[in-house]
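I have placed the structure first, in the form of C-alpha cells, so that the comments after it can refer back to it.
The values are calculated or read from the model by the stated rules, or taken from the named source; none is laboratory data. Please read all numbers here as calculations on a predicted model, not as lab measurements. All Cβ positions, even for glycine, are placed from backbone atoms using ideal geometry, and neighbour counts span all protein chains on display. In case anyone asks, the SASA skips ligands and DNA or RNA and just uses the protein heavy atoms, side chains included. Shrake-Rupley method; radii C 1.70, N 1.55, O 1.52, S 1.80 Å.
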Amino acid sequence: MPDNTSNGMQCHEFDLLLTDAMDGVLSGAGLDRFQAHAGSCKACGPLLAEAEAGRNWLKGLTEVEPPASLVNNILASTTGVDTLRLGAVARAPQPRISWLQQAQATVYGYLEPIWNTVRQPRFAMSFGMAFFALSVGLTVAGVKPADLRQISLRPSSIRHTYYNTQARVVRYLDNVRPVLEMQAAFHGLKRSAPAEPGPEKRKINKNDTTQQPEQKPERRYSQTENHLILANAPLDPSLVDPSNSDLPVVPVTTYRRFV
Amino acid sequence: MEDVQVVAMLVRRCIAGDAAAWEEIVQTYNRRIYNICYRFAGSADNAQDLTQEVFIKMYRTLSSYDHTKGAFVTWVTTITRNLLVDHFRKTKQDRVTDSMDTAASDHEDAQPLSEQIQDQKAPPDAHVRSREVAEVVHAALGKISPELREALILRDLQDMDYKEIAAVLRVPEGTVKSRINRGRAELARLLQRTYRQVM
C-alpha cells in the first residue's frame with residue numbers, strides 16, 4: 001500500500017482505522033479525517049469499498065451443520081466409547097439364561113459341524129445303505145422288531161437269559177461230542193493205512209516230442225557278454241597279494257572334493 | 001461467552017477421567033471447530049477428519065490447558081488453527097490462492113470458478129439462489145491466501161475479537177486488522193470479477 005498523506009492521515013493509519021470504522025467504533029474527529037482520506041486517496045477509497053463488499057459477502061455464509069455421526073466418531077476415537085447412552089446399554093443387565101439352555105447351546109455348538117457333515121449326500125447314501133443291510137440281515141436271522149418289544153431288561157431277566165444261553169451251548173456241545181469222536185477215529189484209521197502210489201504228476205510240454213524230462217536252462221548272468229566282471233579282469237602282477245595269490249586285489253581310488 | 005470457572009471445572013473433571021465431562025466438551029465445541037475446518041479446508045470430508053484430529057489432540061493435551069492464560073475457546077481455536085496450518089502445508093494449496101481464473105485445484109473439475117458460475121442455470125427460487133451464492137463465496141474464500149483466510153474466518157464467521165484472534169494467530173492486533181482488511185478486499189475483488197463475467 002502506498003503511504004500517501006492525505007487530509008492529515010497516512011494510508012497505513014487509514015488501514016489501521018478501517019476495521020474500527022467498519023465496526024462503528026470510530027467517531028468524532030477521527031471519523032471525519034478517515035472519511036476525508038477515503039474520499040481523496042486513490043488507493044484507500046477503493047479499499048474501503050472493497051472491504052465493505054467483502055464483509056457483506058461473508059455475512060451470507062451461514063454456519064454449516066456438522067454430520068450427525070461426528071460426535072460419536074470423536075468419542076469413539078478418543079475415549080473408545082460411542083456415547084454414554086451406548087455405554088449404559090452395554091452395562092444393562094442381560095436376560096438370564098437357564099442352565100438347560102446353556103447346555104443345549106453347548107451341545108449344539110459341538111454337534112452342528114458333525115451334523116453338517118453328515119447331511120452331505122454321499123454320507124447320507126452310505127448311512128442309508130448301512131441301514132438297509134442291517135435290516136436285511138436281521139430279517140434273514142429271523143429277528144423281528146416285535147420280538148425286541150418283549151425283551152425284558154431287568155437284571156434278573158438278563159441273568160436268566162444268560163444261564164439259558166449257556167445251558168443251550170453246553171447241550172449242543174454234548175450232542176456233537178460223539179460225532180466229533182467218530183470223525184477223529186476215522187481220520188486215525190486213514191493215517192495208519194499204507195499209502196498207495198498215486199499217479200505221477202508231470203508237466204507235459206505239448207511241443208516236446210522227445211518224451212525226455214524238461215530241463216530248465218541255467219542262466220548265469222555273470223557270464224553274459226554284456227556284463228563286466230571285475231574279478232575276471234586281467235590282473236596286474238604287481239597288484240596281486242603274494243600271500244594269497246588266489247584272490248585278486250582290486251584297487252579303489254577315492255577322489256575327495258575340497259570346496 | 002464461556003464461564004471461565006465452569007469450563008475450568010469441566011476440564012478438571014475430564015482430566016480426572018470423567019467421560020461425561022468430555023462428552024459435554026465435545027458437544028459444546030464440535031460445531032464451532034467443524035465450521036472453522038470446513039471454511040478453511042473447503043470440503044466436508046476434510047473438515048470431518050480434521051475436526052476429529054483436533055479433538056484427539058485436545059484429549060491428549062487437555063492437561064496443558066491453563067485457564068489463567070486465556071479462555072478455553074481461544075485455546076481450542078489455537079489448536080484448530082495450528083492443525084489446519086499443518087494440514088495446509090501437507091496438501092500444498094499455495095498455488096491456488098491467487099485468482100479465481102487461475103487453473104482449478106485438484107478437487108475441482110479443472111475449470112476456473114467464473115466458468116463454473118457461467119455454466120449454472122437460473123435458480124428456480126431465492127433459496128436456491130442464496131445457496132448457490134453461498135457456495136460461490138465459500139469457493140472464493142478458499143482461493144485467497146491462508147493467512148488472510150484464517151483471519152477472515154475467525155473474525156467474520158466466528159465473531160472473535162481482535163485480541164483473541166491475535167492470541168490465536170500469535171501476531172499483533174494491527175497485523176490482524178490489516179489482514180482482515182486485505183482479506184475482505186481480496187474476496188470482494190474475486191467475487192466482483194466473477195459476477196462481472198457472469199453478467
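Where helices (runs of 4 or more DSSP H) sit wholly within segment A:1-78, those with at least 1 residues that are at the interface with chain B (Cβ under 9 Å from one of its Cβ atoms) and at pLDDT below 90 occupy A:11-23, A:44-59, A:70-78.
Taken together, the residues in segment B:1-40 that are more than 25 Å from the chain's Cα centre (by Cα) and within 19 Å of A:Ser77 (Cβ to Cβ) amount to 7. Of everything in segment B:175-185 that is open to solvent by 20 Å² or more (accessible area, probe 1.4 Å) and more than 7 Å from chain A (Cβ to nearest Cβ), the residue that is nearest to A:Leu16 (Cα to Cα) is B:Thr175. B:Asn46 meets the stated requirement of being open to solvent by 40 Å² or more (accessible area, probe 1.4 Å), of a type outside the set (Val, Ile, Thr) and under 21 Å from B:Leu83 (Cα atoms). Any residue at all in segment B:2-24 that is touching a residue at least 60 places away in the same chain (Cβ under 8 Å) and either within 30 Å of B:Gly183 (Cα to Cα) or touching an Asp or Glu at 6+ places or on another chain (Cβ under 8 Å) (or both)? Yes, because at least one residue in segment B:2-24 is touching a residue at least 60 places away in the same chain (Cβ under 8 Å) and either within 30 Å of B:Gly183 (Cα to Cα) or touching an Asp or Glu at 6+ places or on another chain (Cβ under 8 Å) (or both). Listed conditions (1) modelled with pLDDT of 90 or more; (2) in a loop (DSSP other than H, G, I, E, B); (3) under 41 Å from the mean Cα position of the chain (by Cα); (4) not basic (Lys, Arg) are all met by A:Val81, apart from (1).
Yes/no per residue for (1) open to solvent by 40 Å² or more (accessible area, probe 1.4 Å); (2) more than 21 Å from B:Glu164 (Cβ to Cβ); (3) at the interface with chain A (Cβ under 10 Å from one of its Cβ atoms):
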residue	(1), (2), (3)
B:Ala8	no, no, no
B:Trp22	no, yes, yes
B:Asn30	no, no, yes
B:Ser64	yes, no, no
B:Thr74	no, no, no
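Here B:Met160 passes the criteria (1) of a type outside the set (Asp, Glu); (2) under 20 Å from B:Val85 (Cβ atoms); (3) without any contact (Cβ under 8 Å) to a residue 40 or more places away in the chain except the one numbered (3). Counted as qualifying within segment A:91-160 are the helices (runs of 4 or more DSSP H) with 1 or more residues that are of a type in the set (Phe, Trp, Tyr) and open to solvent by 70 Å² or more (accessible area, probe 1.4 Å), namely A:99-118, A:121-140.
Regarding B:Ala41, is this residue under 22 Å from B:Val136 (Cα atoms) and in contact (Cβ under 8 Å) with a residue 12 or more places away in the chain?
In short, yes.
Could you please find all residues in segment A:32-61 being touching a helix residue (DSSP H, G or I) at 6+ places or on another chain (Cβ under 7 Å) and not small (Gly, Ala, Ser)? Across segment A:32-61, the qualifying residues are A:Phe34, A:His37, A:Cys41, A:Cys44, A:Leu47, A:Leu48, A:Glu50, A:Glu52, A:Arg55, A:Trp57, A:Leu58, A:Leu61. Over 27 Å from A:Glu65 (Cα atoms), surrounded by fewer than 16 Cβ atoms within 10 Å (Cβ to Cβ) and more than 9 Å from chain A (Cβ to nearest Cβ) - does that describe any residue in segment B:156-167? Among the residues of segment B:156-167, at least one is over 27 Å from A:Glu65 (Cα atoms), surrounded by fewer than 16 Cβ atoms within 10 Å (Cβ to Cβ) and more than 9 Å from chain A (Cβ to nearest Cβ), which makes the answer yes. Pairing each residue of segment A:40-52 that is open to solvent by less than 60 Å² (accessible area, probe 1.4 Å) with any residue that is among the aromatic types (Phe, Trp, Tyr), provided the two are 6+ apart or on different chains, yields C-beta distances under 6 Å for A:Cys44/A:Phe14.
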